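**Q** Structure below; questions to follow.
The values are calculated or read from the model by the stated rules, or taken from the named source; none is laboratory data. What you are looking at is a predicted structure, and each value in this text was computed from that prediction instead of being measured. Cβ: placed from backbone, ideal geometry, glycine included. Neighbour counts: every protein chain shown.
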Amino acid sequence: MLMFAAALTVGTPMPKIEGENLSGQKAVLPDVAKGKVTLVAMGFSYESRRSVEAWTKRFRGDFGQNPDIAFFEVPMISGMARLAKLFIESGMRRGTAKEDHDKVITVYGGSADWKDRLAVADTDLAYLLLLDREGRVRWRHAGVFDEKVWPELKDATSITLQAGK
């Protein structure tokens with residue numbers, strides 16, 4: 001019997017996802033984000049990194065100084081690419097500022113379940129989840145960075161931040 005992951009909708013808790021950050025430490029979301037309003041930007045292909053990085057760069061620009069807010073980039077690596085783990089992570093470390101190594105959590109395996117949860121139609125897009133302080137999804141989106149969508153994320157972040165006080 002095939003089991004499919006339940007769709008992740010606004011108001012539901014984010015299921016745990018375990019990986020390793022670029023500092024070499026085990027990291028489990030949403031646990032590492034507990035107590036903070038958090039943007040999780042997931043990518044399912046090498047090409048998706050552009051969208052993921054564009055969203056997190058803008059998010060950091062507006063919210064990066066707020067200690068009650070966090071963000072994580074989550075590359076989802078599957079298939080034969082797992083065999084190139086050392087090469088992949090070395091490249092990511094070189095391309096990521098050292099102070100952000102804890103904010104990049106690489107996940108090897110389990111991407112099929114997450115593709116189901118997020119209804120991934122195009123692996124080259126960023127899949128975004130905004131979590132409240134308890135790890136519940138408060139906003140979600142899939143796409144390249146878009147100035148027309150940015151105000152939605154910005155407003156959702158501000159509202160979620162205020163609701164948790």
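**Q** Output the qualifying pairs, or none if there are none: Cβ atoms under 8 angstrom, residues six or more apart or on different chains, first residue in the range 12-23 and without any contact (Cβ under 8 Å) to a residue 60 or more places away in the chain, second residue outside any strand (DSSP E or B).
**A** Once the first residue is without any contact (Cβ under 8 Å) to a residue 60 or more places away in the chain and sits in the range 12-23, its partners that are outside any strand (DSSP E or B) give 16/30; 16/31.
**Q** Restricting the search to the range 6-35, which residues are out of contact with any helix residue (DSSP H, G or I) (no Cβ under 6 Å at 6 or more places or on another chain), assigned to a loop (DSSP other than H, G, I, E, B) and surrounded by 17 or more Cβ atoms within 10 Å (Cβ to Cβ)?
**A** Correct list: 14, 30.
**Q** Do we have residue 38 as part of a loop (DSSP other than H, G, I, E, B) and not hydrophobic (A, V, I, L, M, F, W, C) here?
**A** It is false that residue 38 is part of a loop (DSSP other than H, G, I, E, B) and not hydrophobic (A, V, I, L, M, F, W, C).
**Q** Of the residues 109, 143, which single one is under 24 Å from residue 78 (Cα atoms), at pLDDT below 95 and in contact with a helix residue (DSSP H, G or I) (Cβ under 9 Å, 6 or more places away or on another chain)?
**A** From the options 109, 143, the qualifying one is 109.
**Q** So, in the range 41-53, of the ones that are assigned to a helix (DSSP H, G or I) and either touching a Leu at 6+ places or on another chain (Cβ under 9 Å) or modelled with pLDDT of 95 or more (or both), which residue ends up nearest to residue 138 (Cα to Cα)?
**A** That would be 52.
**Q** Tell me which of these residue 3 doesn't satisfy, since it passes every other one: (1) in a loop (DSSP other than H, G, I, E, B); (2) at pLDDT 90 or above; (3) of a type in the set (A, V, I, L, M, F, W, C).
**A** Every condition holds for residue 3 apart from (2).
**Q** Kindly indicate whether residue 89 is at pLDDT below 95, buried (at least 17 other Cβ atoms within 10 Å of the Cβ) and more than 23 Å from residue 121 (Cβ to Cβ).
**A** Yes: the conditions hold for residue 89.
**Q** Same structure, new question: Among the residues of the range 64-86, how many are modelled with pLDDT of 55 or more and either exposed (fewer than 12 other Cβ atoms within 10 Å of the Cβ) or in a strand (DSSP E or B) (or both)?
**A** The number of residues fulfilling the criteria is 12.
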